[in-house]
1. How many of the residues in the stretch 254-284 are among the polar types (S, T, N, Q), under 15 Å from residue 238 (Cβ atoms) and open to solvent by 70 Å² or more (accessible area, probe 1.4 Å)?
2. Which residues, taken from the stretch 756-782, are under 14 Å from residue 825 (Cα atoms), modelled with pLDDT of 75 or more and in a loop (DSSP other than H, G, I, E, B)?
3. Please work out if residue 365 is of a type outside the set (A, V, I, L, M) and free of Cβ contacts under 8 Å to residues at least 60 places away in the same chain.
4. Of all residues in the stretch 262-278 being part of a loop (DSSP other than H, G, I, E, B) and under 23 Å from residue 241 (Cβ atoms), which is modelled with the highest pLDDT?
5. Under the condition of being more than 17 Å from the chain's Cα centre (by Cα) and of a type in the set (D, E, K, R), which residue from the stretch 472-508 is farthest from residue 347 (Cα to Cα)?
6. Go through the stretch 373-413 and report how many residues are farther than 24 Å from residue 690 by Cβ, aromatic (Phe, Trp, Tyr) and open to solvent by 10 Å² or more (accessible area, probe 1.4 Å).
7. Residue check: is residue 174 touching a helix residue (DSSP H, G or I) at 6+ places or on another chain (Cβ under 6 Å) and at pLDDT below 85?
8. Among the small types (Gly, Ala, Ser) and either more than 30 Å from residue 700 (Cα to Cα) or not in a loop (DSSP other than H, G, I, E, B) (or both): is that true of residue 325 in this structure?
Amino acid sequence: MYHGLRFFSRYASISHMKRWRAFIKIWGLKIVIVIAGLGLFLGSAGILWALTLQIPDFNSYFDQRIIAESTKLYDRTGKILLYNAHSDIRRTIVPLDQMSDHVKKATIAIEDVDFYNHRGIKPTAILRAFWVNVSSGRVEQGGSTLTQQVIKNTLLTKDKSIARKVKEAILSIKLESELPKDEILELYLNEVPYGGNLYGIEEASKAYFGKESKNLSLAEAAYLASLPQAPSYLSPYGSHQDKLEERKNLVLSRLKSLDWITDEEYQQAKAEEVLFAKPDKNSIKAPHFVFFVLEYLEDKYGQDTVKNGGFRVITSLDWELQQKAEEIVYQYGTQNAANYQARNAGLVALDPQTGQILAMVGSIDYFDLENEGNFNVTTARRQPGSAFKPFVYATAFNEGYTADTIVFDLKTEFNASCSPEHIPLSSGITCYSPTNYDGSTVGPISLKNALAQSRNIPAVKVLYLAGLKDSFDTARKLGISTLRDYRQYGLTLVLGGGEVTLLDMTSAYGVFANDGARQPYSFIMEINDRNKKTLEKYNSQSTQVLPPNTARLISNILSDNSARAPIFGTNSQLNIPGYQVAVKTGTTNDYKDAWIVGYTPSLVVGAWVGNNDNTPMDKRIAGVIVAPIWNTFMKDYLKNKSVQYFIPPEPAPSDVKPILRGIWSGLAGGELADEGVHSILHWVNKNNPQGPVPINPASDPQYYNWEAPVQAWAAATGNNFLLTPGILPSGLNEPTKEEFGSDRVEIRSLRNSYKPDDNITVSLDETRAVIKAEFFLNDRLLGTVTRTPFRFSFVPEESADLSSINTIIVIVYDSKGNKQQLEETFRLND
């Protein structure tokens, strides 16, 4: 039966093929003739239509069309117009003989070098474009001559269809038969877009250089000839001046290769420093944000479509917040420029629950071209300093470490090819032992306090424990898109060794604010074309990238004002009384970048201060330079909002090994009984932190370098055992809990005078019996510290009731209620 079916099937197939061949033999030639005839008829009709077509008045037709097809950008309400691609069209028609020869030559050299030789189209270019389009499956290249561009920009729609290209070619040939070349070139230079509402070389020349087109220099002409390829992307007021410079140099190279300019003219034009006029402030709102959106639109839909597609784009921008952001960045940015040699600043605010960008300020003043105000620093790659640390600590929490896990903040050598004394064990080795911001170390410290106080040495240890690749992957999952290969960073990653953008950092912190769920940043609410067809609409893309409790741990730490008080004080710009706000700062070692990113459950705000050219600022931490921008903006946002609280983290499960919960027990029967003091590597295998205590902990290459300073610390302080269970106890430097006796606590030497913006750290000596210290400035309580190290930092100008002579008062207490009062005075200089 089976073989019979196979035979029947094969016979049927052969019969079918024979019948098909017979059909083709009889009818195939007739079908080909019919198709060819139809094509010939349609082609002839098209040619006849083109030959009888009257060329219209280009100028009047052009003006009518660009007004009708204008694309507009609005704020999130759809009521505030941010940008109109054709708002107040600026176009002045000038004859060709009133234009600089430089601009004519530059335009032809870069756009259509054979302009005076072809008859409207270039068949070779059309064939090349046809091959690319066929290969890609869509129309990507046009192969347009200047004549075709005149037709395209005035008479035809901007769609990239083959039918339109055929019309364009036919009309171009028709135009060439009716107008001389110079008139076509004149048409082109009078209607080509040069960016925004600027059309034609005359208005472009006046807007960008403040002069008539006949007076353009060679370099200026080369810049303007560069723009029509991508007016928004290459705008001298956008963020891609480097690309504009490259294209300008390409124009000059083309001119030189054609022998249209001499080598001397080429060199002079290339070296000429051209100054662009300030842009019109009334033609655009939120300019950095607008250009950011336009770049996205042009990349997705094409430059021509965006420019002339009649799009109505509702963006995510909150115009009220944007205005406040611009005002605050300008206010503090100008102060920083005068006081700290920090000439630029930026701010991003977004909703962590939706990812929508609510405000974007890319510089102190967009219209200040002398200081590159048009450069959008929110999308620029910069090193984040300590602002990167939360990603590493989050990774550690994912792997079983807790906020109470203790590491030692002691000077440590992290290159295993160096001795604990920082001596290379072989030639060509560079040792690595980072220091903390204030140059001090505090001994044992919990991960919570280490992150809150931004201690560098513990952070590097946490990165090693959590794993470089795992930490790198966490940052990527949270939205840090600029990091490429984790192996190129090493342990410096946690201190900001990789370059990131302010937009990415702000978005990534939004994951902590949103209970571990990531909403990629977005800026489009809705796009409709001229026919009211919806092309794009906001759609939530929430993805859980962190366990909720990990996000809650980070938020709990970064919002704990008491935990960061030993470094920042209780009244710093990081604290907003009455509200729970999480915040982290970052300052690069060379003082080129100062960062701050902070959030509530409903708003994330990131700010940056520095210089576009990477020159260093005055040596001030981020808390002084950039925090006031963030603090003022956040306070303004919160003033009419109800208080929101982060969900508290769950405590570490009881089955988590005690050492990870910060329990160092030397009591009889305890897990660590009679073991003495050791670094965490003695108790934890970093590749399996929840597993058993390592049999041979010294097999870890970092073991001896971590262990040596711990043993030195234990010998110096007399701490052979850590007898107090739980999180870092307050009495680690006071093992006997004795009263003061003959010990006299002293304030470590302070300077005689300070400036109002100096960061003053008050430190104490002889604190073995101290259990609490209260710090006052002119009888006003600054804060209380109940654990070692007993020190407090503050900035005078952030405090009230200052005078020329000020008094620091410290009251210290011992375990039996005794107290001592210490005083130091300092002069405040202007």
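1. From the stretch 254-284, those among the polar types (S, T, N, Q) are 257, 262, 267-268, 282-283; that's our starting set.
Of the ones still in play, those that are also under 15 Å from residue 238 (Cβ atoms) are 283.
When the remaining residues are screened for being open to solvent by 70 Å² or more (accessible area, probe 1.4 Å), the result is none.
Of the residues in that region, 0 qualify.
2. Within the stretch 756-782, 778 is the sole residue that qualifies.
3. Details: of a type outside the set (A, V, I, L, M): yes; free of Cβ contacts under 8 Å to residues at least 60 places away in the same chain: yes.
Yes, satisfied.
4. Going through the stretch 262-278, the residues part of a loop (DSSP other than H, G, I, E, B) turn out to be 262, 272-278.
The next check asks that each one be under 23 Å from residue 241 (Cβ atoms); those that pass are 272-278.
Values: 272: 91, 273: 88, 274: 88, 275: 86, 276: 87, 277: 83, 278: 78.
Within the stretch 262-278, the match that is modelled with the highest pLDDT is 272.
5. This residue is 487.
6. The qualifying residues number 1.
7. Details: touching a helix residue (DSSP H, G or I) at 6+ places or on another chain (Cβ under 6 Å): yes; at pLDDT below 85: yes.
Yes: the conditions hold for residue 174.
8. Details: among the small types (Gly, Ala, Ser): yes; either more than 30 Å from residue 700 (Cα to Cα) or not in a loop (DSSP other than H, G, I, E, B) (or both): yes.
Yes.
The values are calculated or read from the model by the stated rules, or taken from the named source; none is laboratory data. Computed from a predicted model, the values in this text were never measured in an experiment. Glycine also receives a Cβ, built like all others from the backbone with ideal geometry; neighbour counts cover every protein chain displayed. Just the protein is used for accessible areas: all its heavy atoms, side chains included, with ligands, DNA and RNA removed. Shrake-Rupley method; radii C 1.70, N 1.55, O 1.52, S 1.80 Å.
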